[in-house]
Amino acid sequence: MIFYFNLTAMKKELSKRKIITITSLSVVAISIGTGLGIFFGQEFLGPRTDYDAYDLNYYEDDIGDLYNRYQSSSNPLVDFKPYELVNIAYHEFEKLTSNYVVTDGDINASIINQTLCSVSIKNDGMYFNESISSSSMVQVAKRFYQEDGLVTTYDGHNIIEGKMATWTEENKTIENLNDYEELWGKTLSRSSIYIVSSKTVLNSTIEETDNGYLVSIDLDPITSVLRYVKQMAKMSNLSRKPQFDKVHMEVKLDNNMRLIERVVEESYTVYMMGAHQSNATILDKYYQNQIDIPTLDDNFEYGGI
C-alpha cells in the first residue's frame, strides 16, 4: 500500500509531534513505492530475449537426412556425433506405433518449490499428454488429446497430491495442429520440446555403460528453448517468456541405441509479479509398449505401470 499526503493543506498549528508522524509516514510511503518500482521493474525492465526474432527452421537439422545416413552406417559410434545419436533414438521412438513417456520434475524457485507430473502417450495414431504442476501457491493441470489434425485441451480441477485431478468439458479448446504448435511450441507427435541440433549444441560426449550408453549434452540456453518458452508461457500464463541461463541433459540409451531415460537440468528466470530465479531437474522415462489413453473419467496412475 502507498500512502498519499497533501502537505500544503495542513494547518500551520499542527503540533511538532504530528509533523514528525506525517514525515515518518511519508518516508514509509516513498520506501514502499521504491520497493514496488524495483519489484515490477524486474519484470518489465530485466534482460529480455526476443525469441520471436529467431527462425525455428534454421536451428533444426534435417532428421530425415540424418536417419538415412544412420541406416547405411556400419559404425554409428564413429560416424555420428553423440547428440546426433540422441536425435536418431528420438526419431526411432517416434516411429513406433505405440509408446509412452512418464515425466517427473522438481522446480526450485526463489520463493516456492514446485513439482511436475506428466505422461505422454501414443497409441495407433492418437496422441495424449497430461501435465500437472503443483506447489503451495499454484496448481495447474491440463490434458491434451490429438487426433485427426486437431488438439483438444482440457483444464483439470481439484488436484490431489499433484498427481490426480478432476477433468471436465468446461473451458475446453480445440485447435488445428498449426495453431496449436504456434501457441504451445510443438504438437504431441513430437517427443522432445528442446531443439538439439548442430546449431544449438555447445558440447556433447558419449560414454559406454553397463547397459548401453550415456550421452551428455550442453545446449545453447536461447536457441535450444525456442519451442519450450512458448509452452512455459502458455502453461503458466506468464507475462513474458522465461530467460534461460543453462540447459544440460544426460540421455541414457540401451545397447541398441534406444531411449531409456533423460535427465534435464535447467536454470532460468521466470517473470510473474517480479523476477524469480528457478532451477529445475526433469526426469523422462521412455517405454516402447502400448497403454490405453485415459478418458476424462479416468486418472493416470503414476508409478502404477
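The single condition among (1) within 19 Å of VAL251 (Cβ to Cβ); (2) modelled with pLDDT under 95 that ILE88 does not satisfy is (2). Residues that are in contact (Cβ under 8 Å) with a residue 40 or more places away in the chain and surrounded by fewer than 21 Cβ atoms within 10 Å (Cβ to Cβ) within the range 232-242 comprise LYS234, MET235, SER236, SER239, ARG240, listed in sequence order. Would you confirm whether or not the range 144-159 contains a residue that is surrounded by 17 or more Cβ atoms within 10 Å (Cβ to Cβ) and within 24 Å of VAL247 (Cα to Cα)? Within the range 144-159, not a single residue is surrounded by 17 or more Cβ atoms within 10 Å (Cβ to Cβ) and within 24 Å of VAL247 (Cα to Cα). Pairing each residue of the range 211-223 that is assigned to a loop (DSSP other than H, G, I, E, B) with any residue that is aromatic (Phe, Trp, Tyr), provided the two are 6+ apart or on different chains, yields C-beta distances under 7 Å for PRO221/PHE244; ILE222/PHE244.
Of all residues in the range 137-171, count the ones that are of a type in the set (A, V, I, L, M) and closer than 21 Å to ASP124 by Cα. So that I can check it myself, show each step before the final result.
Within the range 137-171, the subset of a type in the set (A, V, I, L, M) is 137-138, 140-141, 150-151, 159-160, 164-165.
Cutting the leftovers down to closer than 21 Å to ASP124 by Cα gives us 150-151.
Counting residues in the range 137-171 that are of a type in the set (A, V, I, L, M) and closer than 21 Å to ASP124 by Cα gives 2.
Scoring ASP155 on the criteria (1) under 23 Å from VAL102 (Cα atoms); (2) assigned by TED's automatic domain parsing to the domain that holds GLY64 leaves a single failure, condition (2). Scanning the range 161-179 for residues that are loosely packed, with under 12 Cβ neighbours inside 10 Å and either aliphatic (A, V, I, L, M) or on the phi > 0 side of the Ramachandran plot (or both) yields GLU161, ASN171, ILE174.
Every residue, every condition in (1) among the hydrophobic types (A, V, I, L, M, F, W, C); (2) outside the structural domain of SER192 (by TED's automatic domain parsing); (3) surrounded by 18 or more Cβ atoms within 10 Å (Cβ to Cβ); (4) under 28 Å from ALA165 (Cα atoms), yes or no:
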{"site": "LEU85", "(1), (2), (3), (4)": "yes, no, yes, no"}
{"site": "GLU92", "(1), (2), (3), (4)": "no, no, no, no"}
{"site": "ASN99", "(1), (2), (3), (4)": "no, no, yes, yes"}
{"site": "VAL102", "(1), (2), (3), (4)": "yes, no, yes, yes"}
{"site": "ASN108", "(1), (2), (3), (4)": "no, no, no, yes"}
{"site": "ILE112", "(1), (2), (3), (4)": "yes, no, no, yes"}
{"site": "VAL119", "(1), (2), (3), (4)": "yes, no, yes, yes"}
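The residue that is farthest from ILE193 (Cα to Cα), counting only those in the range 125-136 that are free of Cβ contacts under 8 Å to residues at least 40 places away in the same chain and more than 14 Å from the chain's Cα centre (by Cα), is SER136. The condition (being part of a loop (DSSP other than H, G, I, E, B), crowded, with 18+ Cβ neighbours inside 10 Å and not polar (S, T, N, Q)) is satisfied by just one residue among VAL196, VAL229: VAL196. Being touching a residue at least 12 places away in the same chain (Cβ under 8 Å), under 22 Å from GLY105 (Cβ atoms), not hydroxyl-bearing (Ser, Thr, Tyr) and not in a loop (DSSP other than H, G, I, E, B) is the requirement here; does GLY156 meet it? Considered against the rule, which asks whether it is touching a residue at least 12 places away in the same chain (Cβ under 8 Å), under 22 Å from GLY105 (Cβ atoms), not hydroxyl-bearing (Ser, Thr, Tyr) and not in a loop (DSSP other than H, G, I, E, B), GLY156 comes out as yes.
Does at least one position in the range 239-248 carry a residue that is out of contact with any Pro (no Cβ under 8 Å at 6 or more places or on another chain) and not in a loop (DSSP other than H, G, I, E, B)? Looking for residues that are out of contact with any Pro (no Cβ under 8 Å at 6 or more places or on another chain) and not in a loop (DSSP other than H, G, I, E, B), one finds at least one in the range 239-248, hence yes. I'd like the full set of residues that are part of a strand (DSSP E or B) and over 16 Å from LYS246 (Cα atoms), limited to the range 199-210. Within the range 199-210, THR205, ILE206, GLU207, GLU208 meet the criteria. On the basis of being assigned by TED's automatic domain parsing to the domain that holds GLU92, under 23 Å from TYR100 (Cα atoms) and touching a helix residue (DSSP H, G or I) at 6+ places or on another chain (Cβ under 9 Å), does LEU188 make the cut? The answer is yes for LEU188.
TYR268 falls short of the stated requirement of being within 24 Å of GLU301 (Cβ to Cβ) and buried (at least 18 other Cβ atoms within 10 Å of the Cβ).
The values are calculated or read from the model by the stated rules, or taken from the named source; none is laboratory data. These numbers come from a predicted model, not from an experiment. Cβ atoms come from the backbone with ideal geometry, glycine included; neighbour counts cover every protein chain shown.
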